[in-house]
Structure formats: structure tokens, C-alpha cells
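Structure record follows, encoded as C-alpha cells.
The values are calculated or read from the model by the stated rules, or taken from the named source; none is laboratory data. This one's a predicted model, so the numbers in the text were calculated from it and none came from an experiment. We place every Cβ from the backbone using ideal geometry, glycine too, and count neighbours over all the protein chains shown. Areas reflect the complete protein model, heavy atoms only, side chains present, ligands, DNA and RNA absent. Shrake-Rupley method; radii C 1.70, N 1.55, O 1.52, S 1.80 Å.
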Amino acid sequence: MKLHEYQAKRVFADAGIPTPDAKLAETVDEAVAAADDIGYPVAIKAQVQVGGRGKAGGIELVDDAAEAREAAENILGMDLKGYHVDRVLVEEAVDFTNELYVGVTMDRGEGEPVAMVSTRGGVNIEEVAAEDPDAIAREHVDPAFGMHPYQARKAVYDAGVDREVANDVAGVLSTLYDLWEDKDGADAEINPLMVTADDEVIAADAVMNIDGDALFRQPELAEMQEDAAEDDLEAKANDYGFDYVRLDGNVGIIGNGAGLVMTTLDLVDHYGGEPANFLDIGGGAKAERVTNALDMVFSDENVDAVVFNIFGGITRGDEVAQGINEALEAFDEIPKRVVVRLAGTNAEEGMEILNTDLVTVEKTLEDAVQRAVQYAEEDSA
Amino acid sequence: MSVLVDEDTRVVVQGITGGEGKFHTEQMLDYGTNVVAGAVPGKGGQEVAGVPVYDTVDKAAREEDANAAVVFVPPAFAGDACFEALDAPVDLVVTITEGIPTQDMSKVYRKLQETDTHLVGPNCPGVITPGVAKLGILPGNIFSEGNVGFVSRSGTLTYQVVDSLTERGIGQTTAIGIGGDPIIGTDFIDALELFENDPDTHAVVMCGEIGGEDEEEAAQYIAANMDTPVVGFIAGRTAPPGKRMGHAGAIVSGSGTGTAQSKIDALENAGTPVGDTPEEVADHVEDIL
């Protein structure tokens, strides 16, 4: 779960990390009033969860009320990489001499946290990491002990941060690590951490991703969760609790288990079709879940045919077959042809009860995929 | 022969009184697994499926000589359950639980480095030595005894590819589902090393997927250290960059590694054929044997 910038900044500020004076605004008038209040110049920043907001026109720096009004009018309501902007953060523009990067994340290869510092802040840090990995100082942390203060100092000095601000930057990094740990962070980043002419450090941006599996013990953060779905179908998938990704093709795909569903997508591609989506109904799915899954793919107007691939372990073939029957019997006319392949636990029982007037049954994954690709070609013609 | 699991594996099931724990204990017993105890705090003295339950893993291990644990404990308590099994200690911990917070697993992983225990999972289907024992939720009927080692990050994909092998009469020494989470105990290299040292394993099938660099690292290991031939499969060729496809681990950063193609290239460069489909994996294994 990703926090909005304004949410992450609030969390950081509460922990003692300096952040610019800022206010959230939902209307143009609110934005101008906030800007007047803070004092010019201010930055007006779209609050949507996508990277590269500045380049996409979602951040403007303004010097007076007229400019603030114009910028707020431009940004509020705009469509930014598929996200509707309905709030802006109006923020004191910090006059800086230097931009640093500090971050904490889980190094999955090492299985332990890593704290990072770079003097190449203010730019796309992923590019820096790829082009010049030595420009980022990294300090691995023993998760049992947390980050020792000396480790924060070491990372800061290794990165070559100016002596005048080194202690303050180390303090910010220590606080960031503690926050990351306390809040079950996946990533916590400040980019840029601005250094002013007076040698103050200020977090000019804030990124905080929370481990979704840990939200049960982070009730305050869980409440901050806002729907970040890219379109109606993804919002629907969130409501149903499916792992769903919309793609560009016309063969709808439903299956159980991420690896198997991905393999089904790959096979659709292999046999000349184009996958319309990734939809994992998960383990142990009962009839209602199956009904919801079919509702999902039928709602996608790009879909011309559907392949339903289940290899049951926990999931029982008879439960799935029951769900398919119930879902399809509810239609006067089934909108797309559905190919079903059931294997594994109770697959034979499932095959027996499956209503073959409503679906096409195939025995192997290869046959099922090829049949669905063929149907999709016929029905799109 | 086999790896990790054999006739002498004596299992304690953590979370045996829960719905999943009870159901799969019965399934494991039906398969012939030596499930000797359950461990659930506060439930000591009960019995589930004829198996005695203890309050602690420590007591279960001492009273019933358990040397392996299977964890069916809910995610909020599963990290603690892993520590309990590591401290007992047992030789093998198989953690089935899905959705354990990553920071909890990071601490478990740290502890694991100090022990001789093998931890498989979390979020995995388990380990099976066909005809002998299974620890986990794998459907036993699709596996068969034979000489192919099997390791996979994905549960249902394991079933799909194993089914293709078994249909052609190709059996397995042991199949290990290592799980798709960002931090796991036994990884590809650990599993490959176990199979390389098992004289009865004549070939290994390794099923990977997009995300992370484990397959690339495994490819280097294969090239440098393995005489036993390996056949690969990589799921997620059609996954769009940056999208999370189910597993937390299955996200492509766009940095050039972690993509299906970079994994396929790495394996092929290591002399490991990669099947385009599960059936092609079986074709390659047939050619090798």
C-alpha cells in the first residue's frame, strides 16, 4: 500500500523529519488561500500516486496569487497518466543549494533491510543506481537489532555528504529507518532531501510504501488507504479481492495461482492470441468467487473469449464447476464463449457436473488455450 | 533416494487445530507421512486425527522425536511459529502460510543463517518425496516415484508441470515448492545443491517466474557447479513491466534483470534448455533421460 505524498510527509513530520510548510487543497480557491497563507513562492503538486509528476505537468512553481490560481486550475481535474487529480498539495518552495537522496528498503536478495544515501538526489534514483551504482552508499542492517547510529553516519560519510550537514542527514536517515521498521514499510524514501544555504535539511518529497501483509497491525495507516485503481475494472477487482491486471488483448484468462495464471497468459501468446487480463482467483476458491471472476472478464468489452484454467490443490474442481454453472445459468445469453479446463483435486467430479451446454471443456491446458484463441479470433472477426 | 524428506521424517504440525491444519494433517497421514504431533499454544492434551497435540513445538519434538515442522499458523503469528521451530530445533521447517509480513520473515531469515535447519517457504505448497511422505498441501496423486528432482516458486504451476512429467511416466525423487515471497528460506541454489548431491536424481526441473534475480543466480550456479542436467521453465513472458502479478515477488522493475527474457537467456547460456510450454519441459526431460 502506497501513501500519498501528503500522507507520507505527515508521518515523517510527526516523527521529527523537517518538511516544508504545506496544506492540502481540493478546490482552486482553497489552493490560492493556502498559497497566500504560506507565502510565495509555493509549489502546487498533484496528489496522485504516479512517478514523474513534474514532467507530466502535475507540479508547478508559482510566485503570486494569479499564478497560483492558474496552476491550480490547470492541475486540479487533470488526467495524469490515467489518474484523476482531485487534490493538490500547496507547499512552501524551498530555496536549496543541494539535493540529496536517502532511502530504506528491503534487499530481498540478502533478506535484510538496506539504508541508502546519495548526493545525486533530485533525479531518477533508479537511473543513478543502474548507471553509477557507486554513487549510492549502502548500509545493510541486521533486522534483529535495527540500525545503529554509527551505521547512519557511515552511510552519510561514505556517500560524501558535506561535513556541515552530515550529522543532520544521519539523523534523518536514522529516523527514516525507525519509521520504516515501526510502520512495516516496504520502501521509505526522501528524494530530494534539500539542503538550504543555512545548512538546514528539509524533506521536499516523501515516499512511503507499506507492506500490505502487515496492515493488520498498522490500523492508522490502513485507514489512510485510498483507492488507487487505474480504471473501473481494477476497482472492481479490488472490491472482489482478486489479483487482477488489465492487458490489451482479447482472450480473458481466469485461473488459480499466480505462476499458473502467468503460464496461461504465456501460452495464449505462444499460440498466437493476445491476453486481455491476468486474473488469479487464489487458493480454495468457492462458487461465489468463480461467479465474481466471470463477472470481471465479461465486464471487459475487449474480451472475445475466455479460458478458465484450474489446477486444484486446495481448490476443488467440483466447487469451481458449480460456480461456473451458477454464473452462466444466470444469463439469458452468455456474452462470450468460455473454455474450461479442470485438473487436480476433484477435477473428475467437476467435469461430471459442469454444464457442457454452456461451456467448452478441454482436457489439457494446451488444448484449452488453443480453443480459446480460436474462439477469440472467430468472435472478433 | 530423496532430499529433505524420507522415511525417517517425523512431523509436528504447528496450527494443527485450525481448519487448514486439520484438513491437511489428514491428507498427509493418508499419504503415509509420519505426522507424530501437533503444536498449538493452549491446546496441549487434545488429539487431532489421532495425533497428540502439545502446547509447544519444543515439547512435541522431545516427546515424539519430531524432526520436521509444518507451519499452518495464521500470518500474524507465523513468524513467531518459525522461530519456535528453529529453536526446538528441528531439521526441516515447511511454512505454508501466505501473507507473512516481510519484516517478520527478514528476522526469521537472519536467525536461519545461524542454524543447520532447512526452512522451505513461506507461502509455498510444501515438499513431497513421492511414495514416501509429503509435508504441505500438494495433491499427492499427481506425483510419482522416479529420478527427476523438481523445484518451483509457484504452487499450481508445480502441479501443472509435474502432471506433464507423470503423464509420460517420468517420476520425481523429491519436489520442492520454494514459494514466491520476497524472502524465502530454501532458494533455487539450495535446492539445486541438494539434488546435485543426490545420486538418485538424474535430472532437475526448475520452474521460475518474473521478478528478482534468483533464476539468474541459479543459472550461474548451474554453469559452475552442476553435473546433473537441469531443464527450466519461466512463467510471466507476457507480464507487462512494473505490474504486480499476484505474488509479491513477481514484479518487474524494468532494470533489465528480473524479466522472463533475462532469466531464459541466463539459463540457456548456462546450457539449461528452457521449455516454452509445460509439455516442452517434459520433452526436454525425456531427451535427457
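A few notes on this one:
Every residue, every condition in (1) closer than 28 Å to residue B:199 by Cβ; (2) open to solvent by 10 Å² or more (accessible area, probe 1.4 Å); (3) assigned to a loop (DSSP other than H, G, I, E, B), yes or no:
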{"residue": "B:7", "(1), (2), (3)": "yes, yes, yes"}
{"residue": "B:11", "(1), (2), (3)": "yes, no, no"}
{"residue": "B:26", "(1), (2), (3)": "no, yes, no"}
{"residue": "B:30", "(1), (2), (3)": "no, yes, no"}
{"residue": "B:35", "(1), (2), (3)": "no, yes, no"}
{"residue": "B:45", "(1), (2), (3)": "no, yes, yes"}
{"residue": "B:63", "(1), (2), (3)": "no, yes, no"}
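- Within segment B:247-272, restricting attention to residues that are open to solvent by 10 Å² or more (accessible area, probe 1.4 Å) and on the phi > 0 side of the Ramachandran plot, the residue that is modelled with the highest pLDDT is B:271.
- Residues being of a type in the set (Phe, Trp, Tyr) and either facing another protein chain (nearest Cβ under 7 Å) or out of contact with any Gly (no Cβ under 9 Å at 6 or more places or on another chain) (or both) are entirely absent from segment A:289-299.
- All positions within segment A:251-284 that are more than 7 Å from chain B (Cβ to nearest Cβ), surrounded by fewer than 24 Cβ atoms within 10 Å (Cβ to Cβ) and touching a strand residue (DSSP E or B) at 6+ places or on another chain (Cβ under 8 Å): A:274, A:282
- Qualifying residue in segment B:223-239 (condition: among the acidic types (Asp, Glu) and within 14 Å of chain A (Cβ to nearest Cβ)): no
- Single unsatisfied condition, residue A:367 versus (1) in a helix (DSSP H, G or I); (2) within 14 Å of chain B (Cβ to nearest Cβ); (3) charged (D, E, K, R); (4) in contact with an Asp or Glu (Cβ under 6 Å, 6 or more places away or on another chain): (4)
- Selection count where residues are in contact with a helix residue (DSSP H, G or I) (Cβ under 6 Å, 6 or more places away or on another chain) and in contact (Cβ under 8 Å) with a residue 24 or more places away in the chain, scope segment A:244-262: 11
- Exclusive hit being at pLDDT below 95, touching an Asp or Glu at 6+ places or on another chain (Cβ under 6 Å) and either within 13 Å of chain B (Cβ to nearest Cβ) or closer than 25 Å to residue A:305 by Cβ (or both), set A:213, A:231, A:243: A:243
- Restricting attention to segment A:20-30, the residues being surrounded by 18 or more Cβ atoms within 10 Å (Cβ to Cβ) and more than 27 Å from the chain's Cα centre (by Cα) number 1.
- Every test in (1) open to solvent by 70 Å² or more (accessible area, probe 1.4 Å); (2) away from every other protein chain (no Cβ under 14 Å) is passed by residue A:94 save one, and that test is (1).
- Verdict on residue A:86 being over 17 Å from residue A:205 (Cα atoms) and either outside any helix (DSSP H, G or I) or at pLDDT below 95 (or both): yes
- In segment A:1-55, the residues that are of a type in the set (Val, Ile, Thr) and in a helix (DSSP H, G or I): A:11, A:28, A:32, A:38
- Scanning segment B:177-217 for residues that are β-branched (Val, Ile, Thr), open to solvent by 10 Å² or more (accessible area, probe 1.4 Å) and touching a residue at least 40 places away in the same chain (Cβ under 8 Å) yields one hit, B:184.
- Filtered by the rule that a residue be within 13 Å of the chain's Cα centre (by Cα) and within 23 Å of residue B:142 (Cα to Cα), segment B:170-185 gives B:174, B:175, B:176, B:177, B:178, B:179, B:180.
- Scanning segment B:170-204 for residues that are in contact with a Leu (Cβ under 9 Å, 6 or more places away or on another chain), of a type in the set (Val, Ile, Thr) and under 16 Å from residue B:126 (Cα atoms) yields B:174, B:176, B:184, B:186.
- Flag if residue A:307 is hydrophobic (A, V, I, L, M, F, W, C), open to solvent by less than 60 Å² (accessible area, probe 1.4 Å), more than 10 Å from every other protein chain (Cβ to nearest Cβ) and touching a residue at least 60 places away in the same chain (Cβ under 8 Å): yes
- Residues that are farther than 30 Å from residue A:214 by Cβ, touching a residue at least 40 places away in the same chain (Cβ under 8 Å) and over 22 Å from the mean Cα position of the chain (by Cα) do not occur anywhere in segment A:10-18.
- For segment A:97-114, filtering for residues that are within 16 Å of residue A:176 (Cα to Cα) and more than 14 Å from chain B (Cβ to nearest Cβ) leaves 4.
- Residue in segment A:115-141 that is nearest to the other protein chains (Cβ to nearest Cβ), counting only those that are among the charged types (D, E, K, R) and over 14 Å from residue A:174 (Cα atoms): A:126
- Qualifying residue in segment B:80-95 (condition: buried (at least 24 other Cβ atoms within 10 Å of the Cβ), closer than 24 Å to residue B:210 by Cα and modelled with pLDDT of 95 or more): yes
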